[in-house]
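Below is one structure; the comments refer to it alone.
None of the figures in this text is laboratory data; all of them are computed from the coordinates on show. Every value quoted in this text rests on a predicted model; they were computed, and no experiment measured them. Counting neighbours? That spans all protein chains shown, and the Cβs are built from the backbone with ideal geometry, glycine included.
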Amino acid sequence: MPPRGKPFLRWAGSKRKQLTRLGSFWAASHSRYVEPFAGSACLFFELAPASAVLGDLNRDLIELYRVVRDEPERLYRRLCRIAREVPTYYRWRSLNPKSLDRETRALRFLYLNRNCFNGIYRTNTNGEFNVPMGRRPGEYFSKNDLLNCSRLLQTTTLIAGDFTKTLEHVKQGDFVYLDPPYAVKSRRIFREYGKTTFDTSDIFRFTNGLNAIVARGADFLVSYADCAESRLLALGWHSVRLPIRRHVAGFAGDRKLAYEWLISNRPISGQ
Ligand SMILES: C[S@@+](CC[C@H](N)C(=O)[O-])C[C@H]1O[C@@H](n2cnc3c(N)ncnc32)[C@H](O)[C@@H]1O
C-alpha cells in the first residue's frame with residue numbers, strides 16, 4: 001500500500017476529525033476510490049488507495065493537485081521561500097492568476113490557502129480571491145508529506161468540473177465518497193466555496209447521481225448536514241445522524257455541536 005499522505009490544504013468543511021468513522025466504509029474489496037467534491041481530500045489521503053478519481057468544481061484547486069503530482073519538490077521549495085507577512089500576503093493575493101504560469105498559479109493558491117483566515121476559499125463577484133490574512137497561520141506540512149501526496153496522485157485521475165462529470169467515471173467495485181457543500185434552504189449557510197456552487201436546486205441531480213452509482217455496481221457514502229434536505233436524501237438508503245463539532249466558517253458562534261448525516265447504500269454499523 002502506498003504511504004498515507006497528510007492533506008496539504010486547509011479546507012472549510014474538511015472531514016479531518018471524522019476519518020476513522022468515514023474510513024470504516026472503505027473495504028478491501030473496493031477497487032477504486034472516487035470523490036467528486038474533493039476539497040482537501042483528507043479521506044483520500046488517509047486511505048491512500050492504489051487507484052482513485054478526484055473531482056471538484058474549483059479549477060484552481062484541481063490545477064494545484066496536478067502541480068503537486070508533477071512538481072512537488074519545486075513547489076515546496078518555492079512555497080518556503082515566500083515570506084509569511086502581511087505585505088507579501090496581499091501582494092500575492094493581488095496578482096491576477098491569469099497572468100501567471102501554471103506552477104506559479106498553483107503556488108499562489110497554496111500560499112494563500114495556508115496563510116489566509118481559516119483556510120476559507122471565497123471570491124468576490126469578479127471571481128477574485130478576497131480572504132484576508134489569518135492571524136496565526138499554522139506550520140506548513142513537511143516536504144516528505146508533500147512527496148507522499150504526490151505519489152498518491154500519480155495513480156489518480158483529476159477532474160475539474162461539476163460532480164456529475166466525475167460520476168461519469170464510476171465503475172463496478174468503486175467506493176464513492178460524496179461530501180457536497182451543505183445546501184440548506186431553511187437557514188443561511190456561509191458560502192465558503194466561491195460563487196457558483198451547490199445549492200438546494202442541485203439536490204435532485206444529486207439523488208440521480210446516487211442511483212446511478214448503485215446501478216453501476218459501486219458503493220457510496222454521503223456526508224450531509226442535518227436538515228430537511230438530508231432527511232429526503234436519506235429516504236430509501238441506510239443512514240445515521242451523528243453529533244459533530246463544527247469548525248467550519250471560523251466565526252466563534254459557529255463552533256458548536258451540530259448534527260450530520262451519513263447516508264450509504266451499505267448497512268451502517270451502530271445504526
Ligand atoms: C465540503 S467541501 C469537501 C470537503 C472535503 N471532503 C475535505 O475533506 O476537505 C465541498 C467541496 O465541493 C466543491 N463543490 C461545490 N460545488 C460543486 C459541484 N457542483 N460539483 C463539484 N464540486 C463542487 C467545493 O469547491 C468544495 O471543495
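For this structure, a couple of remarks:
- Label point 7 Å beyond Cα of residue 237 along Cβ direction - residues of region 55-73 with amide nitrogen under 19 Å: 55-57
- 18 Å reach of a label modelled at residue 80, 7 Å along Cα-to-Cβ, counting backbone N of region 110-133: 110-112, 114-115
- Net charge over other residues, Cβ less than 10 angstrom from the Cβ of residue 149 (K, R count +1; D, E count -1): +3
- 9 Å beta-carbon shell around residue 163, net charge (K/R +1, D/E -1): -1
- Residues whose placed amide H lies under 5 Å from that of residue 159, excluding near-sequence neighbours: 54, 55, 56
- Contour minus Cα-Cα distance for residue 258 and residue 27 (0.36 nm per residue): 80.4 nm
- Available extension along the chain between residue 169 and residue 16 is 52.5 nm, counting 0.36 nm per residue and deducting the alpha carbon span.
- Here region 1-152 is treated as a sphere whose radius is the Kirkwood value from Cα pairs; by Stokes-Einstein at 25 °C and 0.890 mPa s it diffuses with a coefficient of 152 µm²/s.
- Hydrodynamic radius (Kirkwood) for region 67-144, which is based on Cα pairs only, to one decimal in Å: 13.0
- Arranged from fewest to most other beta-carbon atoms within 10 Å of their beta carbon, 6, 15 become 6, 15.
- The chain - share of DSSP beta bridges that are antiparallel (%, nearest 5): 50
- Sequence-distant residues sharing a close amide H with residue 122 (under 5 Å, placed H): 130, 131
- Taking label positions 7 Å along the Cα-Cβ direction at both residue 124 and residue 201, the computed distance is 2.6 nm, reported to one decimal.
- Tally of Lys pairs whose C-alpha atoms are under 17 Å apart, taken over the chain, 8 or more apart or cross-chain: 6
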